[in-house]
1. Cut-off 13 Å, label point 7 angstrom out along Cα-to-Cβ of Leu51: give me the residues of region 10-26 whose amide nitrogen falls inside.
2. Which of the residue pairs Lys35/Lys111; Lys50/Lys136; Lys23/Lys50; Lys111/Lys136 have a Cα-Cα distance greater than 31 Å in the structure shown?
3. Under the Kirkwood approximation for Rh and a Cα-based Rg, what ratio Rg/Rh is obtained for region 1-123?
4. What would the Debye formula give as log10 I(q)/I(0) at q = 0.15, 0.27, 0.30 Å⁻¹ for the alpha-carbon point model of region 6-54, no solvent?
5. Along Cα→Cβ, 7 Å out, is where each label goes; now give me the distance between the ones at Glu139 and Leu44 in nm to one decimal.
6. Taking H as built 1.01 Å from N, whose amide H comes closer than 5 Å to the amide H of Ala80, not counting residues under 5 places away?
7. Whole-Hz Karplus ³J(HN,Hα) for region 136-150, in order, using 6.51 cos²θ - 1.76 cosθ + 1.60 and θ = phi - 60°, x for Gly and Pro?
Amino acid sequence: MDFSSKLLENAVYEMSQLPGIGKRTALRLVLHLLKRPETQSEQLSDAILKLRSTVRYCENCHNISDTPICEICANPKRDATLVCVVEDIRDVMAIENTGQFRGLYHVLGGKISPMEGIGPQDLNITSLITKMKQGKIKELIFALSSTMEGDTTNFYIYRQIENLEVRTSTIARGIAVGDELEYADEVTLGRSILNRVPFEGSLKSD
């Protein structure tokens, strides 16, 4: 792809580094920004800079937050004895959109994946185990995607806490095996949360 401007080329290159955006799409987005008022580009760049410099992660669940404790964890109406383990912020948003879950979350920040060099120490697992040992959590719901990495992560955490007096469950298989939660429709995901099954039972049936 030939560019008449080095500035244009650099902008297209940086835009194309975003997931799901190829160079042609990046070029279209950059040219769109050039046609829009300069203030729109300034607002976009300011929003990104503020996101990178001021966003933080909840000290309790590791969800993205503007404050030390996120709004979900700080809500006294939420059931703090019920915790749903998810991979990232997109899964929190997907489950919240169902309106069927009133507990708290714990965001791992990924899944165990030896092929990608991601081990338990690279995820927010230690803090989860620490919370579990405090004895305040009565049920832990595994809501990771039904993939080999997701199942491996579920099983690893289960083995760490199986001697604790806590119920473990997993979302019902209304979510197809291999599917990511963020792509599930709200009705299916909501039913999967409500119809969750004991984690031990899911091990025996696999």
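1. Residues 15, 18-19 fall inside that zone.
2. Lys35/Lys111; Lys50/Lys136
3. 1.10
4. Log10 of I(q)/I(0), two decimals: -0.43, -1.07, -1.11.
5. About 4.5 nm, to one decimal.
6. The list, which skips near neighbours in sequence, is empty: none.
7. Working through the residues one at a time gives 8, 8, 9, 9, 10, 9, 7, 10, 8, 4, 7, 10, 4, 5, x Hz.
Every number in this text was worked out from the coordinates using simple rules, so none of it is lab data. This one's a predicted model, so the numbers in the text were calculated from it and none came from an experiment. Ideal geometry is used to build each Cβ from the backbone, glycine not excepted, and the neighbour counts take in all protein chains shown.
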